[in-house]
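Structure record follows, encoded as structure tokens.
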Amino acid sequence: MKRYHPFLVGLHWLIAVMILVALILGGPSLAEIPNDSPDKMFGLTGHMIWGLTIGALMVTRLLLRVIAKAPPHADAGSAALNSGAKLAHLGLYALVFSMVGSGIALAYSAGLFSIVFGGSDAGLPPTFSVFTARTVHGIIATVLFVLIGLHVAGWVYHQFYLRDRLISRMWFGKRS
């Protein structure tokens with residue numbers, strides 16, 4: 001077997017796009033909108049639904065990843081690079097789950113669930129920066145963005161230096 005299960009492949013690419021959209025649009029665009037603007041509520045609603053969906057898809061992906069048969073580990077020709085790749089993949093999972101968790105913690109501590117989804121008449125807090133979870137959420141976002149860059153760099157190394165067509169493992173086609 002040379003490829004991952006097609007459902008895992010689809011989840012990988014869907015989640016990847018969703019994470020990039022959340023990182024690029026979620027933080028920077030939401031931060032620019034004042035908390036007393038109606039646009040902020042609209043943006044937060046979308047961002048929260050998006051983040052919770054990423055979390056649910058990640059749980060699904062992790063469960064399927066444990067159950068489904070996977071191709072053998074890719075070999076970069078170096079024990080250090082192979083260990084680094086394994087740590088990077090574990091790191092991606094850990095950071096995405098931490099990102100979702102810190103978002104939930106922020107929403108809980110700021111009362112956002114009742115404000116955004118519960119029909120509460122309460123307004124948003126004047127700023128989210130007073131919440132520790134907001135700082136953690138921002139730090140995780142930065143580290144996640146860097147790790148995604150390293151993940152892409154690993155693919156470039158495999159694809160163009162080693163020329164081992166690593167991308168085919170995480171693309172659609174025959175699994176044999």
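The values are calculated or read from the model by the stated rules, or taken from the named source; none is laboratory data. Computed from a predicted model, the values in this text were never measured in an experiment. Here the Cβ is made from the backbone with ideal geometry for all residues, glycine too, and neighbour counts use every protein chain on show. Just the protein is used for accessible areas: all its heavy atoms, side chains included, with ligands, DNA and RNA removed. Shrake-Rupley method; radii C 1.70, N 1.55, O 1.52, S 1.80 Å.
Consider ALA80 against the criteria (1) farther than 19 Å from TRP171 by Cβ; (2) among the aliphatic types (A, V, I, L, M); (3) open to solvent by 50 Å² or more (accessible area, probe 1.4 Å); (4) at pLDDT 90 or above: it satisfies all of them except one. Which criterion is unmet? Unmet for ALA80, out of (1) farther than 19 Å from TRP171 by Cβ; (2) among the aliphatic types (A, V, I, L, M); (3) open to solvent by 50 Å² or more (accessible area, probe 1.4 Å); (4) at pLDDT 90 or above: (4). Report whether or not VAL59 is at pLDDT 95 or above and open to solvent by less than 60 Å² (accessible area, probe 1.4 Å). Spelling it out, it is not the case that VAL59 is at pLDDT 95 or above and open to solvent by less than 60 Å² (accessible area, probe 1.4 Å).
Just one of (1) open to solvent by less than 30 Å² (accessible area, probe 1.4 Å); (2) more than 18 Å from LEU144 (Cβ to Cβ) fails for GLY103. It is (2). You will find that of THR127, THR142, THR135, the residue that is in a loop (DSSP other than H, G, I, E, B) and polar (S, T, N, Q) is THR127 and no other. Residues in region 11-52 that are in contact (Cβ under 8 Å) with a residue 24 or more places away in the chain, farther than 25 Å from VAL143 by Cβ and open to solvent by less than 50 Å² (accessible area, probe 1.4 Å): ASN35, LYS40, THR45. Of the residues that make up region 121-138, is at least one surrounded by 12 or more Cβ atoms within 10 Å (Cβ to Cβ), closer than 30 Å to PRO38 by Cα and among the basic types (Lys, Arg)? Checked region 121-138: at least one residue is surrounded by 12 or more Cβ atoms within 10 Å (Cβ to Cβ), closer than 30 Å to PRO38 by Cα and among the basic types (Lys, Arg).
The helices (runs of 4 or more DSSP H) found entirely in region 1-81 that carry 3 or more residues being within 27 Å of LEU162 (Cα to Cα) and out of contact with any helix residue (DSSP H, G or I) (no Cβ under 9 Å at 6 or more places or on another chain) are 6-21.
Residue-by-condition table, conditions (1) under 30 Å from SER78 (Cα atoms); (2) more than 16 Å from the chain's Cα centre (by Cα); (3) open to solvent by 40 Å² or more (accessible area, probe 1.4 Å):
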residue	(1), (2), (3)
ALA107	no, yes, no
PHE113	no, yes, yes
PHE145	yes, no, yes
ILE148	yes, no, no
GLY154	yes, yes, no
ARG163	yes, yes, yes
